[in-house]
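Each remark here refers to the structure printed beneath this line.
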Amino acid sequence: MSEDLRPFGNPGSENFRLDAYPFYLLNRAASRYNTAIESELRGIGIDIPTWRVLMILGEHAPLAIGQVAKSAVINLSTMMRIVERMSKADLVATAPSNTDGRVTEIALTEAGREKLAAARLVTAPLYEKIIRGFSATDFTRMLDMLGRLHDNLD
């Protein structure tokens, strides 16, 4: 049985240790990932927020701008600027929702689908490198634990 590190991850504890604080470790991993992926994306002429929008819309579109912002973890006003920039680059098209004219939906254009394909191509090797050494069970368990952490914040 391993040592219970949960008390050491509590920022209110006198025994607090940064290496036992899951949010520090998550942020550190995300920061390193973003740094690595940013250089790959720059090579095809996009940035991380654009990549997030492409990936989200590649899975399901059209989507309301608010839903894309929520999924991309980007505030709505920033998302509006990103969508405007992507629209000018002909990566996305916007239109009023068929069910609620107050809602603006976004969908990929042909150029957007091509850019998404290029982004997937350049980011796939980094993904493969990152998950190397994780068994299918480890990977599934990690996704489950990250989901539980997220859900516990509600």
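The values are calculated or read from the model by the stated rules, or taken from the named source; none is laboratory data. A quick note: this is a predicted structure, and the numbers were derived from the prediction, not measured. Ligands, DNA and RNA are excluded from the accessible area calculation, which covers all protein heavy atoms including side chains. Shrake-Rupley method; radii C 1.70, N 1.55, O 1.52, S 1.80 Å.
For segment 17-98, the spread of Cα positions along the three principal axes, ordered from largest to smallest, is 51, 29, 22 Å.
Accessible surface comparison of 21, 127, probe 1.4 Å, protein chains only, largest first: the order is 127, 21.
A cut-off of 5 Å between modelled amide H atoms, ignoring neighbours fewer than 5 places along the same chain, links residue 64 with 106. A straight line joining the Cα centroids of segment 1-42 and segment 104-154 runs 19 Å. Between residue 109 and 92, 93, the built amide H atoms are under 5 Å apart, and every one of these is 5 or more places off in sequence or on another chain.
Between helix 48-59 and the chain there is an angle of about 80 degrees, using the helix long axis and the longest principal axis of the Cα atoms.
Suppose a student asked you for the relative contact order of the chain, using Cα pairs under 8 Å spaced at least 6 residues apart; what percent would you report? So the answer I get is 18 percent.
Compared with the dominant principal axis of the Cα atoms in the chain, helix 110-131 is inclined by about 10°.
Size descriptor for the chain, Kirkwood hydrodynamic radius: 17.9 Å (Cα pairs only, one decimal).
Who wins for biggest fluctuation among 34, 15, 98 in a Gaussian network model of the chain, springs between alpha carbons below 10 Å? Residue with maximal mean-square fluctuation among 34, 15, 98: 15. The alpha carbon convex hull volume per residue for segment 72-154 rounds to 162 Å³.
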